[in-house]
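Just below is one structure, and these are the notes that go with it.
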Amino acid sequence: MMTRQLNLSRTALPFLAYLDTWYANLPAGDLAALVGTQPERVAIFSIDMINGFCRIGPLAGPRVAALIPGVVDLFTRAYALGVRNFVLTQDTHDPQTPEFAYYPPHCVAGTAESAAVDELAQLPFADQITTIAKNSLSSHLGTTLDAWMAAHPAVDTFVVVGDCTDLCVFSAAMHLRLEANALNLQRRVIVAAATVDTFDTPLAVATELGIMAHDGDLHHVLFLHSMAQNGVEVVASL
């Protein structure tokens, strides 16, 4: 069977214009209102805010590094509001992970790349933050996150920040949302566009290196839209 031929450069233009409008009109979030008088019900999950995506290594980039101040600010404000459920899920790869067949080796366990950025590691309440190692895009598969969830049954509101919007953030937020759907759990999953992002591999760079291109802006907005379409609450900021 032949693959259906597409002409997205022509047919997708109206949808792209719609995406621009949708993204520009994301509602503002309110962290204080979200936390309310029950901070024990709220958890902040930071995905892959580590050196290997922010500062050093083959996958580090300025778009993700630019998230650091906003993520730190969100942690700080949430803590001031009484939130104590903070989780960092972080690439901590086995050197033999099959993932290295399609991404260059990165964030290997025991290297500086796999460590949280200093701004998070040096927060005054860093000793109260749980760090969970992961060996894939998923924060849940093959990790201790399910055990953390079981130990914190009161949590029913999850704020997901970090990178990448279309990869590890998408995987984490959608797992939380789909698990709640499957088990009939009353749960909120919130992603603020200002505290997530993805990487950019321009077409010219991809062609030169013989790798796949990746438009950061398009993937960022398209995957936020997909999350929103599936029940994740996407807001402009918190």
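The values are calculated or read from the model by the stated rules, or taken from the named source; none is laboratory data. Quick caveat: nothing in here was measured; it's all calculated off a predicted structure. Here the Cβ is made from the backbone with ideal geometry for all residues, glycine too, and neighbour counts use every protein chain on show. Note: areas computed on protein heavy atoms with side chains; ligands, DNA, RNA excluded. Shrake-Rupley method; radii C 1.70, N 1.55, O 1.52, S 1.80 Å.
Taking GLN90 as the residue in question, decide whether it is out of contact with any Ser or Thr (no Cβ under 9 Å at 6 or more places or on another chain) and either within 16 Å of GLN128 (Cα to Cα) or polar (S, T, N, Q) (or both). If you could, list the steps in order and put the result at the bottom.
Working: out of contact with any Ser or Thr (no Cβ under 9 Å at 6 or more places or on another chain): no; either within 16 Å of GLN128 (Cα to Cα) or polar (S, T, N, Q) (or both): yes.
No; evaluated as a whole, the condition is false for this residue.
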Next item on the list: Kindly provide the set of residues from the range 182-199 that are open to solvent by 70 Å² or more (accessible area, probe 1.4 Å) and either under 18 Å from the mean Cα position of the chain (by Cα) or more than 16 Å from GLU233 (Cα to Cα) (or both), ordered by number.
Entry: ALA182, LEU183, ASN184, ARG188
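Listed here are the residues, each with its yes/no results for (1) under 17 Å from ASN85 (Cα atoms); (2) over 16 Å from the mean Cα position of the chain (by Cα).
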position	(1), (2)
GLU113	no, yes
ALA121	yes, yes
ALA147	yes, yes
ALA154	yes, yes
VAL160	yes, no
Notebook entry, point to check: Do you know which residues across the range 147-203 are in a loop (DSSP other than H, G, I, E, B), over 12 Å from LEU224 (Cβ atoms) and not acidic (Asp, Glu)?
Noted result: HIS152, PRO153, ALA154, VAL155, LEU167, ASN184, LEU185, GLN186, ARG187, PHE199, PRO202
Next item on the list: From (1) in a helix (DSSP H, G or I); (2) in contact with a Leu (Cβ under 8 Å, 6 or more places away or on another chain); (3) of a type outside the set (A, V, I, L, M); (4) open to solvent by less than 40 Å² (accessible area, probe 1.4 Å), pick out the condition that doesn't hold for ARG77.
Entry: (4)
Notebook entry, point to check: Which residues, counting only those in the range 209-221, are within 14 Å of the chain's Cα centre (by Cα) and either open to solvent by 40 Å² or more (accessible area, probe 1.4 Å) or charged (D, E, K, R) (or both)?
Noted result: HIS219
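Checking the conditions here, which among ALA126, ALA151, ALA147, ALA116 is of a type in the set (Gly, Ala, Ser), in contact (Cβ under 8 Å) with a residue 40 or more places away in the chain and either out of contact with any Ser or Thr (no Cβ under 9 Å at 6 or more places or on another chain) or open to solvent by less than 70 Å² (accessible area, probe 1.4 Å) (or both)? Let's see the steps before the verdict.
On the way: ALA126 fails: in contact (Cβ under 8 Å) with a residue 40 or more places away in the chain; ALA151 fails: in contact (Cβ under 8 Å) with a residue 40 or more places away in the chain; ALA147 fails: in contact (Cβ under 8 Å) with a residue 40 or more places away in the chain.
On inspection, the qualifying residue turns out to be ALA116.
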Margin query: Taking the conditions exactly as written (in a helix (DSSP H, G or I), surrounded by fewer than 17 Cβ atoms within 10 Å (Cβ to Cβ) and among the hydrophobic types (A, V, I, L, M, F, W, C)), does ALA28 satisfy them or not?
Written below: no
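Considering ALA66, ALA43, ALA101, which residue is over 18 Å from GLY216 (Cα atoms) and touching a strand residue (DSSP E or B) at 6+ places or on another chain (Cβ under 9 Å)? Let's see the steps before the verdict.
Values: ALA66 fails: over 18 Å from GLY216 (Cα atoms); ALA101 fails: touching a strand residue (DSSP E or B) at 6+ places or on another chain (Cβ under 9 Å).
Selected residue: ALA43, the only one of ALA66, ALA43, ALA101 that is over 18 Å from GLY216 (Cα atoms) and touching a strand residue (DSSP E or B) at 6+ places or on another chain (Cβ under 9 Å).
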Margin query: Being without any contact (Cβ under 8 Å) to a residue 24 or more places away in the chain and within 22 Å of HIS140 (Cα to Cα) is true for just one of VAL71, VAL108, VAL87, VAL42. Which residue is that?
Written below: VAL108
Note to self: As an exercise: evaluate ALA194 against (1) touching a residue at least 12 places away in the same chain (Cβ under 8 Å); (2) farther than 18 Å from PHE53 by Cβ; (3) among the aliphatic types (A, V, I, L, M) and give the number of the one condition it does not meet.
What the structure shows: (2)
